[in-house]
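Below: the structure, in structure tokens.
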Amino acid sequence: MSEVLESPKVRILDFVMNNPSSHLRKIKNNLGVSMVTVQYYLAMLESEGKIKSVKTKFYKNYYHINESDDKILSVLNLDSPRNIVMYLIQHEPATHQEISKGIGLSSSTINWHMKRLIELQIVDTEYSGKYTVYRLNDRDNVMNNLKKCKSTTWSSMVNNMADVFSAFNE
């Protein structure tokens, strides 16, 4: 009943605060509000200085105005780069081939995401003989930002566990 009485503006602001780096369609789908309504209130909240948006290659992500790590959050909100970062947390340092095999993505996909992660200074590279080794630039900062994306991170962890259990059944 309280959701019915709450204005869409308040619900959208609350959603953005609790789900940093959300994009338009994610907000619309989770709140069950029309696309036009979401667009209208996002523009209003942004003009009031309560939220900000950051355009990435594919999405316009929204953050509460106090959010300082919007670049990291925009990456952690997407499955493949989040999986790469989570793999590095568990297996740091790792080579390109180890990451590809560990998370089941093609080498070219890993390469594309790694360029972005390096550009955003989330991942650093080192050279060990003929291999490039990857490690997180600021592990504590990445971990803190993963906590902010807990719903997305939790879904990813559940999917990984489901894969592990299904592998045991085969």
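Computed from the coordinates by the stated procedures, all read-outs in this text should not be read as laboratory data. The structure displayed is predicted, hence computed values, not measured ones. Here the Cβ positions follow ideal geometry from the backbone for every residue, glycine too, while neighbour counts run over all protein chains shown.
Apart from one condition, Lys60 fits all of (1) out of contact with any strand residue (DSSP E or B) (no Cβ under 7 Å at 6 or more places or on another chain); (2) among the charged types (D, E, K, R); (3) under 18 Å from Ser21 (Cβ atoms); the exception is (1). Looking only at residues of the stretch 84-114 that are over 23 Å from Asp138 (Cβ atoms) and of a type outside the set (Ser, Thr, Tyr), we find that the one that is surrounded by the fewest Cβ atoms within 10 Å (Cβ to Cβ) is Gly104.
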